[in-house]
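Take a look at the structure below.
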Amino acid sequence: MASNSFGEAFRFTTWGESHGPAIGCVVDGTPPRIAITEADIQFHLDRRKPGQSRFTTQRREPDEVKILSGVFEGMTTGTPIGLVIENQDQRSRDYGEIKDRFRPGHADFTYDAKYGIRDYRGGGRSSARETAMRVAAGGVARKVLASRLGNAFTLRGALVQVGPHKIDRDAWNWDEVERNPFWSPDANMADRWADYLDGVRKAGSSAGAVIEVVAEGVPAGLGEPIYGKLDSDLAAAMMTINAVKGVEIGDGFGLAAIAGEEAADEMRMVDGQATFLGNRAGGILGGISTGQPVVARFAVKPTSSILSPRRSIDRFGAEVEVITKGRHDPCVGIRAVPVGEAMMACVLADHLLRHAAQCGDTTRTTAG
């Protein structure tokens, strides 16, 4: 019944708690002879780590990853890759007051209902701290993808909505994503989000967000027709991220509001190659990649750890009010961008290796 692993041919298993001595993961299924270093993984972890702006938790964690196994002389050996990050800035005392109280919106009640015991220090296993190891696993997955797909493959994420404020898609510029603390592709919206979240933070409240992840250079043919659909595995991957409450592929729910003539991505031959005239399907049809960009979008609810008193109960059935103290993200969706990227990387690497095992050819053309 254990459920701490994700993937089939490319699989990772995470372990550890928010306030334990360390967190880690084991990545299995990585092909041998792929060049990789700790720096390759660290680059992605540095994008996720806390305390980089006033809009994220001020917990100070260097998140320095160590490779314990599966790599020899800078190359993967084909054996399990062990990764670990030591926790260094825990403040367990912040959680003493809620030891027996269930925080509304958190997994406190459900963990207690399932296990009869819970680690109340920062949420223990349910903490978003665990996602650091997903990003580490994603760093390995990116190396697998690059080794098979080359420079034509790119995978990028962006924040497209904070609270009620959406970006202007006509102003989308991928270069802007790395220039602001929100991963916003719309420079003007980044300034507006800053003002909005300053108000949210000062009020002791929180805000939700929507993240979009796009992979380009994905070959046609990845995925299975029924139970191993590429889009169903992507949806499952994104839903495992803390606080995610909705996922859509391509135009997603927007497709319900338009006619069939608009919804279907038409095709033509261009220079002897099958070319799509649109990508409302998000690069996946019938559970199988089309060769177009793969687009996934997910919604993150407002952080449940807020200073405003909320009604709840304790473990003994008494009605109480809960104020969550500590260092928390006013918008946890900001740091979910590199996590979403990592989960898509892991799914694509998994399907690439599964496809190679069944069909052999993993270098079929991408579609326009």
Considering residues that are within 24 Å of residue 13 (Cα to Cα), open to solvent by less than 10 Å² (accessible area, probe 1.4 Å) and part of a loop (DSSP other than H, G, I, E, B), the number found within the stretch 201-227 is 1
Counting only residues that are of a type in the set (A, V, I, L, M) and assigned to a strand (DSSP E or B), how many does the stretch 289-318 have? 6
Looking only at residues that are in contact with a Pro (Cβ under 7 Å, 6 or more places away or on another chain) and small (Gly, Ala, Ser) in the stretch 201-259, which one is modelled with the lowest pLDDT? 206
Hits in the stretch 164-200 (condition: open to solvent by 20 Å² or more (accessible area, probe 1.4 Å), in contact (Cβ under 8 Å) with a residue 12 or more places away in the chain, assigned to a loop (DSSP other than H, G, I, E, B) and polar (S, T, N, Q)): 173
Considering every residue within the stretch 254-271, establish whether at least one is within 30 Å of residue 329 (Cα to Cα) and out of contact with any helix residue (DSSP H, G or I) (no Cβ under 7 Å at 6 or more places or on another chain). yes
Could you list, ordered by first residue, the pairs with Cβ atoms under 6 Å in which the first is in the stretch 145-156 and over 12 Å from residue 345 (Cβ atoms) and modelled with pLDDT of 95 or more and the second is outside any helix (DSSP H, G or I) and of a type in the set (A, V, I, L, M, F, W, C), at least 6 apart or interchain? 147/34
Members of the stretch 247-261 that are crowded, with 19+ Cβ neighbours inside 10 Å and either more than 21 Å from residue 337 (Cα to Cα) or among the charged types (D, E, K, R) (or both): 248, 251
If I ask for residues that are β-branched (Val, Ile, Thr) and either out of contact with any Lys or Arg (no Cβ under 6 Å at 6 or more places or on another chain) or in a loop (DSSP other than H, G, I, E, B) (or both), which ones from the stretch 259-288 would you list? 270, 284, 288
Name the residue, out of 156, 125, 121, 134, that is part of a strand (DSSP E or B), closer than 22 Å to residue 243 by Cβ and open to solvent by 20 Å² or more (accessible area, probe 1.4 Å). 156
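The values are calculated or read from the model by the stated rules, or taken from the named source; none is laboratory data. Here the structure is a predicted model, which means the values were calculated and not measured. Cβ: placed from backbone, ideal geometry, glycine included. Neighbour counts: every protein chain shown. Heavy atoms of the whole protein, side chains included, go into the accessibility calculation; ligands, DNA and RNA do not. Shrake-Rupley method; radii C 1.70, N 1.55, O 1.52, S 1.80 Å.
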